[in-house]
Amino acid sequence: MAYKAGEIPPVEYAVIGGSSTFSLRFPEDVPFPGELVVLATGLTFPTPYGESPPFKLFTFNGKKVLTVKMHGWRRGVPRGKASQQLFWVLREAGVKKIISEGGVGAINHLLKPRDVLIASDYLDFSMRKDVGLEGDYLLAMRQAVCPVIRGALYEAAQKHAPGRVFDRGIYAVTDGRHFESPAEIAMLARLGADMVGQSMCPEVYLAREIGACYARVDIVTNYAEGVISDWSHEELADIFYHEAQRMAMIILEALDRLDASQDCGCPGLRYHTLLKEDNREQQ
Ligand SMILES: [Zn+2]
């Protein structure tokens, strides 16, 4: 399974790295049993949205996986553009299953730092609503998160998570880069959010647009503003550096449990758009 230089490799699985595995080399630093071979690193590809972020290609127990660090976000590239570059490459590669991860602030008062959540739905308060690819599809967002990947992540998290694991939760998406104000968190709490982060949207839309299944695993790194107590930078840093390996173990364990079949119904939730230019001309 060697890699041919310059080409987007055909791959069925992708891991979108976020803040919870940022402090280690994924997957090389993860002591997960099995056969793991890194085939190529620093792979960038030209896309209609600009040069892609650098990918790593590896095989893990016979599965080929593309991964990218920190959602492909990088200095000098707007986050929306970075997401388009990333998902354009995943689509060209033929990716069917995507696992993403990150750190979140706890809005739900029952949560505490180091809890792990598998998001089941989201509230999008980001401003970047027009981040898509070619727009050929009408995207239904019921079952936004793949139930099969969620199940695999939940089982994997029960084995490797540092603390409690929740198999559902509503993820509120904000733009950042700053955290939210106490009044914003109070608003999100009233609207039903359990946690707050910055990456689930537009990833969840773009995954649907390319016909891939998507799910994510997040670790609570802090209380959101105004919840329980002020968060401490020390604890945030401790989780960032010391829980990365467990989060990476959860991802590899979940990958190991998945296959490429999509009986879950996720790909059927994108429909061909009726708003074609040629339709308009016929009227
Ligand atoms: Zn699915």
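Given a Förster distance of 25 Å, report the FRET efficiency between ASN61 and LYS112 from their Cβ-Cβ distance, rounded to the nearest 0.05. Step by step, r from the Cβ atoms, then E = 0.15. FRET efficiency for the pair LEU138 and ASP230, taken as 1/(1 + (r/R0)^6) with r the Cβ-Cβ distance and R0 = 30 Å, rounds to 0.10. In the chain, the DSSP beta bridges split such that about 45 percent are antiparallel, to the nearest 5. Highest-first packing order for the peptide set 44-55, 92-103, 2-13 is 92-103, 44-55, 2-13, based on the mean count of other beta carbon atoms within 10 Å. At an R0 of 45 angstrom, the distance between the Cβ atoms of ARG128 and VAL37 translates into a FRET efficiency of 0.80.
The dipole here belongs to the chain: it is taken about the Cα centre, uses +1 on the Cβ of Lys and Arg and -1 on the Cβ of Asp and Glu, and is about 280 debye. Exposure proxy for SER19, SER199: other Cβ atoms within 10 Å of each Cβ, ordered fewest to most, give SER19, SER199. Along its first, second and third principal axes, ordered by size, the chain spans 58, 52, 39 Å in Cα coordinates.
With each label modelled as a point 7 angstrom along the Cα→C-beta vector, the ASP238-ASP263 pair spans 4.5 nm. Separation of segment 234-257 and segment 44-74, taken as the distance between their Cα centroids, equals 19 angstrom. Taking the helices alone, the chain has a mean residue ellipticity at 222 nm of -8500 deg cm²/dmol, built from -39,500 (n - 2.57) per DSSP H run of at least 4 residues and averaged over all its residues. A Cβ-based charge dipole, computed about the Cα centre of segment 83-172 with Lys and Arg at +1 and Asp and Glu at -1, lands at about 340 debye. Taking amide hydrogens as placed 1.01 Å from N in the peptide plane, the amide H of SER52 sits under 5 Å from those of PHE45, THR47, each at least 5 positions away in sequence or on another chain. In this structure the amide hydrogen of TYR122, modeled in the peptide plane, comes within under 5 Å of the amide hydrogens of TYR171, none closer than 5 places in sequence on its chain. Comparing ILE118, ILE219, ILE170 in a Gaussian network model of the chain where C-alpha atoms under 10 Å apart are linked, the largest mean-square fluctuation is found at ILE170. Each label was represented as a point 7 Å from its Cα along the Cα-to-Cβ direction; for GLU7 and ASP175 these points are 4.1 nm apart.
Only the coordinates and a few stated rules stand behind these numbers; no lab work does. These numbers were taken from a predicted model, which means no experiment stands behind them. Cβ coordinates were reconstructed from backbone atoms using ideal geometry, including for glycine residues, and neighbour counts include every protein chain displayed.
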